[in-house]
């Protein structure tokens, strides 16, 4: 995502308790859900409406782990490289959406919106 990033801030109606891990997820995706959900709940970032995006993040991260396990066990398989690359890209983008990267966490913690008051060209 290029350009100015929106400031992440606590939502007006955040979830206060983590929903159950979706049973349809792979074991790797479920593990990621359990790992990130306490932080998302604690930062008051997500609402019930955001759960599909969080599910997608967990699935993408789980898929990366599954493909890497295949590479480890069976060697590199060219046909899996594109799905691996796409899953990594998707996971990274969704992680940034929910404050799960260092830069996005700093936007949650400080409310820094890259204020351009010193820039005479800023509108």
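The values are calculated or read from the model by the stated rules, or taken from the named source; none is laboratory data. None of the values given here were measured: they were computed from a predicted structure. Every residue, glycine as well, gets a Cβ built from its backbone with ideal geometry; the counts of neighbours run over all protein chains shown.
Annotations for the structure displayed:
- Candidates 60, 82, 31, 95: the one that is within 12 Å of the chain's Cα centre (by Cα) and either farther than 23 Å from residue 16 by Cα or at pLDDT 95 or above (or both) is 60.
- Criterion violated by residue 98 - all others in (1) closer than 20 Å to residue 12 by Cα; (2) loosely packed, with under 14 Cβ neighbours inside 10 Å; (3) touching a residue at least 24 places away in the same chain (Cβ under 8 Å) satisfied: (2)
- Going through (1) surrounded by fewer than 19 Cβ atoms within 10 Å (Cβ to Cβ); (2) in contact with a helix residue (DSSP H, G or I) (Cβ under 9 Å, 6 or more places away or on another chain); (3) modelled with pLDDT under 90 one by one, residue 45 falls short only on (1).
- Hits in the range 19-42 (condition: buried (at least 16 other Cβ atoms within 10 Å of the Cβ) and either in contact with a helix residue (DSSP H, G or I) (Cβ under 6 Å, 6 or more places away or on another chain) or over 17 Å from residue 91 (Cα atoms) (or both)): 21, 28, 29, 32, 33, 41
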